[in-house]
Amino acid sequence: MIDYELLREQVASFGVTLTDEMCEKFDRYAELLVEWNEKMNLTAITDPVGIAVKHFADSLSAVPLLPEKQGIAVIDVGTGAGFPGIPLAIVRPDMRLTLLDSLNKRLTFLSEVCCELGITATTVHARAEEGARGALRERFDVATARAVAALPVLSEYCLPYVKVGGRFVAMKGPESEAECAQAKRAIGLLGGGKPVCHALQLTADGETLDRRLFVIEKQKSTPAAYPRPTAKIKKGAL
């Protein structure tokens, strides 16, 4: 379904190399995405080029930002159709992946994908701010999220999952650079250090996609008061 060489070309620009086996897994993932999208709303992007670039290559742009040590624990917060978590696990099969989403039917789809692709992952049905107040708190080397919310709110959702010494990788668009300044106070309160922004571009059918990845190191434990209850988060960022 997808063009292997197109995918390889896109990810090579940020230093990722895909084997034939990995490409075959991405191809099967794309087939399942389109098939299941007919019975539930997973994505508006269903064409082969869009899936390869806007979903798969975009997700894999986070690979160079992951710690190199084997067996890292990664949680994908608000994973939706599995991005970026499942693509990362295809390329980094050593990682221990947790996929968190508030809709159980999405997790049913993700369990099917993981089974088909031979990926071991834990699925968690919870809202982001609820899961971080339980057993998952400060258990992960890396938390990831892709375009779930503005950076001040996204930091409150994700940093509580990260252990001290770990990192939060937020995947956003170019407009998010303004969000970074607005998130400074929240990130500090939550135990995070200064965000480091990585800019990159992807190309799909002549369209250039500007992306921003923010890496926030966890420097100290998140105070017990955070994340706040859902109603307070909705009233405004920290």
task = Look through the range 194-214, keep the residues that are within 21 Å of the chain's Cα centre (by Cα) and either of a type in the set (Gly, Ala, Ser) or crowded, with 18+ Cβ neighbours inside 10 Å (or both), and return whichever of them is farthest from Ala126 (Cα to Cα).
result = Ala204
task = Give me a count of the residues in the range 185-199 that are under 17 Å from Ala145 (Cβ atoms) and out of contact with any Pro (no Cβ under 9 Å at 6 or more places or on another chain).
result = 4
query = Which residue pairs have Cβ atoms under 8 Å apart, sit 6 or more places apart or on different chains, and have a first residue in the range 82-95 that is within 10 Å of Cys114 (Cβ to Cβ) and a second that is assigned to a loop (DSSP other than H, G, I, E, B) and among the aliphatic types (A, V, I, L, M)?
reply = Ile86/Ile119; Ala89/Met95; Ala89/Ile119
request  = Considering only residues that are modelled with pLDDT under 90 and either part of a strand (DSSP E or B) or among the β-branched types (Val, Ile, Thr) (or both), look in the range 209-238 and name the one that is nearest to Pro152 (Cα to Cα).
outcome  = Ile233
request  = Kindly indicate whether any position in the range 220-235 is in contact with a strand residue (DSSP E or B) (Cβ under 9 Å, 6 or more places away or on another chain), in contact (Cβ under 8 Å) with a residue 60 or more places away in the chain and either surrounded by 14 or more Cβ atoms within 10 Å (Cβ to Cβ) or of a type outside the set (Lys, Arg) (or both).
outcome  = yes
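Table: residues versus (1) of a type outside the set (Gly, Ala, Ser); (2) out of contact with any strand residue (DSSP E or B) (no Cβ under 8 Å at 6 or more places or on another chain); (3) at pLDDT below 95.
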{"position": "Asp76", "(1), (2), (3)": "yes, no, no"}
{"position": "Gly85", "(1), (2), (3)": "no, no, no"}
{"position": "Leu88", "(1), (2), (3)": "yes, no, no"}
{"position": "Pro93", "(1), (2), (3)": "yes, yes, no"}
{"position": "Ala121", "(1), (2), (3)": "no, no, no"}
{"position": "Leu136", "(1), (2), (3)": "yes, no, no"}
{"position": "Phe140", "(1), (2), (3)": "yes, no, no"}
{"position": "Leu151", "(1), (2), (3)": "yes, no, yes"}
request  = Would you please name the residue that is nearest to Gln70 (Cα to Cα), looking only at residues in the range 97-118 that are touching a helix residue (DSSP H, G or I) at 6+ places or on another chain (Cβ under 9 Å) and among the charged types (D, E, K, R)?
outcome  = Glu116
key: Gly71 vs. criteria in a helix (DSSP H, G or I), surrounded by fewer than 22 Cβ atoms within 10 Å (Cβ to Cβ) and out of contact with any Phe, Trp or Tyr (no Cβ under 8 Å at 6 or more places or on another chain)   = no
Members of the range 140-163 found to be of a type in the set (Ser, Thr, Tyr) and under 16 Å from Arg228 (Cα atoms), listed by number = Ser155, Tyr157, Tyr161
query = How many residues does the range 1-48 hold that are modelled with pLDDT of 95 or more, of a type in the set (Val, Ile, Thr) and either crowded, with 17+ Cβ neighbours inside 10 Å or in a helix (DSSP H, G or I) (or both)?
reply = 3
query = Considering only the range 184-204, how many residues are outside any strand (DSSP E or B), farther than 13 Å from Val215 by Cβ and either modelled with pLDDT under 95 or among the hydrophobic types (A, V, I, L, M, F, W, C) (or both)?
reply = 5
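The values are calculated or read from the model by the stated rules, or taken from the named source; none is laboratory data. Since the model is a prediction, treat every value here as computed from it, not as a measurement. Note that we place each Cβ from the backbone using ideal geometry, even for glycine, and neighbour counts take in every protein chain shown.
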